[in-house]
Each structure stands twice: as C-alpha cells, then as structure tokens.
Amino acid sequence: MSHALHAAETIRKQTVHTVPPVPRRKVYAIMEINAGATAWVLISAGLVLFMTPGLALFYGGMVRSKNVLGMLMQNIFAMGLVSVLWVFVGFSLAFGGDGGWIGNFDFAFLNDVVGDVTKAADLPGYGGALVVPAMVFMAFQMMFAIITPALITGATADRLKFGSYALFIGIWSVLVYAVVARWVFSPNGWLFKRGALDFAGGAAIHVNAGIAALAIAMVIGPRRGWMKEPMPPHNLPFTVLGTGILWFGWFGFNAGSALGADGISSQALVNTHLAAAAAMLSWLLVERLVAGHATTLGACSGAVAGLVAITPCAGFVGGMAPVIIGALAGIICYLSLKLKHLLRVDDSLDVLAVHLIGGLFGSIALGFFADKSATGIGADGVFFGGGADLLIDQLVAVGAVMLFSFVASYIIAFAIQKTIGLRVDEEAELVGLDQSQHAESAYQA
Amino acid sequence: MKLITAIIKPFKLDEVKDALKQAGVTGITVSEARGFGRQGGHTETYRGTEYKIDFVPKARIEIVVDASRVDEVIDVLRTSAATGKIGDGKIWVTEVERIVRIRTGEEGSDAI
C-alpha cells in the first residue's frame, strides 16, 4: 500500500471524475476517483477476503479429523470479530491522524469514512494521491486485518481453547496488527517514512503473524504426543483446494495493493504468479532430492512460500526477479522446516517456515532486487545500482516488526494463559476440538 | 451353523463377492478393517517428517453358512481373494449359536 503516493506519478488514462472542493471542515477534500482503479480494488477486497476461508481449508486439511472444525472455525471466526473491531477502532489506529507510531480515533466507527466521496475524509499522509474512495480503501485493508491473525492458527493447532483464541485475536488485532500496519503501510508511519518498502505486507502481515505464532506456540506448549504419535494430515484434498483459493486470492492481495488498475498492478499480478510457480518447482525439487518423493503437500507449501516471499516485492521488481525470488523461497522455506525442531517449539503447521522465513526472505530480497525501472515506483536495490540504502531500511523494518510483535504477542498470550488459560484440558484435547469446543462432528460416519 | 470371517485385500472385494454369488451364497456382510500380519506397514512423508503407518487397510467379510458348506465356501474365498503376495489375508471359522431372520422370526437354517 506504500506506493499509493508513488502511483500518483503515473499517468491515468481512464476517465477521471473531479469533484470541486467543499470548503468546510478540514477533513473534506478533493477526491479524484478513478473508476477502473476503484472497480479493481473492490474486486480485490473480495479476493483477499476469500483467502481467509482458503486458509481455513489449507490448514484444515492438515490437522487430524477430530480437530478440523476447530481449525476451520478459528479462521472463519476472524472474519466476524476482526471486521467489527477494524471498523470500530482498528482502521482509525492504523490510518488516522499524523502520528508515526500510532494513529488516533478520528475514523473510529467509520467517522468521516463515508460512501459520498464529496464528504469523505482525505486519508492522512496520502495528500490526494489515493484515487479510490476511502471507503473501499478501508474495506480492502480490513481483509488484510482479518487474515493476519488467522495465519497464527497454524501454530497452535489442535490445542487452543476457542474463547481464548477469540480473546487473543481480538486484542492482537487492535494492539499489534493496527500498530504494525501503521508503521509499515501508512504514509505517516515511521518505517514507511524511513523508506522501507512493503508492497502488500511481507513484514506487516507475514513476518508479523509469523513471529506472533512463535510467541503463542511457546506459551501454549506442544500438542500431547508431539514427536511421539503420528499426526499426519487427514484431508489433503482440502489443502489443495485451499492452496488454489489462496493463489487466486493473492492476486487481490498483491495486485490490489497497487490501488490502481494499471501497469503496476499488472506487474504485481505477474510477479505474484511467477513466484508461486517457481517456488512450487524448487520446493518439489528439494523435497524429491532430500526426502524421496515430490508430494502434493509439498507442491502446495512451495506455492504458498513463493506467494509469501513475493508479497513485499510485488510492485517493485520486474523481469525474472520474481522467478528467482520464488525459486529461492521454495528452497529456503523447505530447509526452514527444521526450525521448529531446533527451537523445540511445536509450530504445528509450519507458520515459521512459510510465513516468518518467507516474509523475512522476501523483505530482505527486495533490498537486492528492487528495480525502479520495472514499474516506475519504489527504489533501486543492491543489484540495480541503489547500494545498500534500501537493504538497510528493510532490515530495520523487519527487525522492528519482529521485536515488537514477538514481545507484544508473548505478553498477550501469557496474560491469557495466566487468567482464563490458553489450552484445552487433557480430555478435551484427546477427544478433539470439534467435540470439546463446538459440540460438533465434522464427518458423520 | 458357522460364521466364516475373511480378512482380504480391499481391491479383491468385487471379485470375491461375484465368486460367492456364483457359488450360491445368499448373503454377506462387509466392513472396513485395518490390520497387519506378516505384511508390514509403510511410510508416508509430510513436509519432511516421516510417519510409519503400521496398519494396512483391509476388507472384512462375514458369512453365516450351514456347517456342510464351510469347506466349499472357504475354497471359493481362497481362490477369489488370493494374489499370491504377502498380505492376502486370513479366513477363520467360528460357531454360531443361534440365528434369527428379523422380518419373519424364522430361525436356524431357514434364517440363513
């Protein structure tokens, strides 16, 4: 989202509706609404939302059948809770006011964010560069706010109490996600101002959720029987279906973040797709060589790793960079599967390997592969004559996000653990989340 | 009356069923089972972690027959269910104390 300012430099050839200034309160401003851009961002909001049920199926297929509803429910529930919190306070904290560290309550309860563009607020920091209504910008951002905490569910599979989960993501989405979104996405955010580039959320979403997953997994402890009992995926067809939905939705996630319907969003779409393709191939290759078979789960995991890695880079790289970034991501993320064993943490569905490492790699790779001549926006990385400036900004950004998110997430998880408890009791865990948390069975025999 | 229980490879079920019908067996019950004998399990790999799966899927067939037909039915089962490779399964025979047809209340041989 950081490039909306840069996007103002591109020539818009579509019909532009210009509204005369309404000289009343200072929040009202001139809005130039681009119909093509608005249509695309509207669709992208739908595509990104679709990724959350896609993620639900991706993860759901990997857990044991007695816990599948528990996993699906956690993911779709985020669509309910986070949406409401976003329009109450989240959006305002992330995008309101002028603060570099946190927003304010100017837009709480969607105050000044209205459908009538002659009356809607100018989003702070964009200076009129946004060519879509604030309302759709808010909605598009909301879908990111929803999926980010949902990513964490992979690490705590099969053992997190539903009520505690709801409490955790409710608090997290306001105190952690909105803050990190402010730093990275808002033009007033301190990381944005330093020059860190994150096209669609490599740091703000994937590194953020990845390190938070580590924190909560450390607090909650491993699944009973981890490393002793076999816990293979119960429904890989779900995982494949989920992967397809994620890949499709990611076009909205990345290309939608161009906030325009133009060459930038076109490049972002292509970069997204090529990274997924290359990463799938490289993961499969490594897997075949190291473990003996190219697997369906490997193809799915590889594709997602590529999609994660290209997320920060999507509108800032070109040529064969997405293929290289994707190919490297597939290999690096595959090798990172060991991480949880090294750390002795039961990160059940490898959120660390795919999202934390994938997001870190992509954000840092951008410091090398960023190429202003690709889309006309962004900066030049090490390989394109920009020296180490961008690379340093990227390192600071991911470092800051990791530090803040880890500490804050750990504190929230710990506080919940000490009060209402995070974990289901032994019998509930043995019987399964579906029965114990929701009084349901996924599959009637 | 005797109960013949056969544990066979699941993909042989259709062939076995057809052979039993041909031999005049009037009814069978089939269920899914898992097990192992001399046939070992196999390994599956998920994201680099290997899982040793001990149990192998099998089909269980249960047939109640008159004592006089036991040898014949066992023969039919063996011929139709065998592949010649390890894991073909087993057949065993147990005594049935009493058998009742639900619809009519008939008992014994009339209920088979």
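Bear in mind that the values in this text are calculations on the coordinates, not laboratory data. The structure presented is a predicted model; accordingly, all values stated were derived computationally and were not measured. Cβ sites come from the backbone with ideal geometry, for glycine too, and all protein chains shown count toward neighbours.
Do we find that B:Lys17 is within 14 Å of chain A (Cβ to nearest Cβ) and either β-branched (Val, Ile, Thr) or not in a loop (DSSP other than H, G, I, E, B) (or both) in this structure?
Working: within 14 Å of chain A (Cβ to nearest Cβ): no; either β-branched (Val, Ile, Thr) or not in a loop (DSSP other than H, G, I, E, B) (or both): yes.
So B:Lys17 fails the test.
A:Gly376: touching an Asp or Glu at 6+ places or on another chain (Cβ under 6 Å) and surrounded by fewer than 24 Cβ atoms within 10 Å (Cβ to Cβ), yes or no? Criteria not met by A:Gly376. Among the residues of region A:220-237, the one identified as within 14 Å of chain B (Cβ to nearest Cβ), touching a Leu at 6+ places or on another chain (Cβ under 7 Å) and hydrophobic (A, V, I, L, M, F, W, C) is A:Leu236. Residue under question is A:Leu335, and the condition is that it be touching a helix residue (DSSP H, G or I) at 6+ places or on another chain (Cβ under 8 Å), within 13 Å of chain B (Cβ to nearest Cβ) and not in a loop (DSSP other than H, G, I, E, B); does it hold? Taking the combined requirement at face value, the residue satisfies it.
Are any residues in region B:20-47 exposed (fewer than 14 other Cβ atoms within 10 Å of the Cβ), within 14 Å of chain A (Cβ to nearest Cβ) and not acidic (Asp, Glu), and if so, which ones? Matches in region B:20-47: B:Ser31, B:Arg34, B:Gly41, B:His42, B:Thr43. Condition first: hydrophobic (A, V, I, L, M, F, W, C) and outside any helix (DSSP H, G or I). Can you find one or more residues in region A:183-198 that meet it? The answer is yes, given that some residue of region A:183-198 is hydrophobic (A, V, I, L, M, F, W, C) and outside any helix (DSSP H, G or I). Report whether or not A:Gly298 is within 12 Å of chain B (Cβ to nearest Cβ), more than 26 Å from A:Ser405 (Cα to Cα) and in contact with an Asp or Glu (Cβ under 6 Å, 6 or more places away or on another chain). Judged against the criteria, A:Gly298 is a match.
Considered as a group, the residues in region B:97-112 that are surrounded by 15 or more Cβ atoms within 10 Å (Cβ to Cβ) and in contact (Cβ under 8 Å) with a residue 40 or more places away in the chain include one that is nearest to B:Ala19 (Cα to Cα), and that residue is B:Ile112. Of the strands (runs of 3 or more DSSP E) entirely within region B:32-78, those holding at least 3 residues that are under 18 Å from B:Lys9 (Cα atoms) occupy B:56-65. In region A:379-401, which residue that is under 18 Å from the mean Cα position of the chain (by Cα) and small (Gly, Ala, Ser) is surrounded by the fewest Cβ atoms within 10 Å (Cβ to Cβ)? Ranking the qualifying residues of region A:379-401, first place goes to A:Gly399.
Contact map, region A:208-224: first residue on the phi < 0 side of the Ramachandran plot and of a type in the set (A, V, I, L, M, F, W, C), second residue surrounded by fewer than 24 Cβ atoms within 10 Å (Cβ to Cβ) and in a helix (DSSP H, G or I), Cβ cut-off under 6 Å, separation 6 or more or different chains; pairs are A:Ile211/A:Met402; A:Ile211/A:Phe406; A:Ala215/A:Phe406; A:Ala215/A:Tyr410; A:Val219/A:Phe414; A:Val219/A:Gln417. Scanning region B:79-112 for residues that are under 21 Å from the mean Cα position of the chain (by Cα), hydrophobic (A, V, I, L, M, F, W, C) and not in a loop (DSSP other than H, G, I, E, B) yields B:Ala81, B:Ile91, B:Trp92, B:Val93, B:Ala111.
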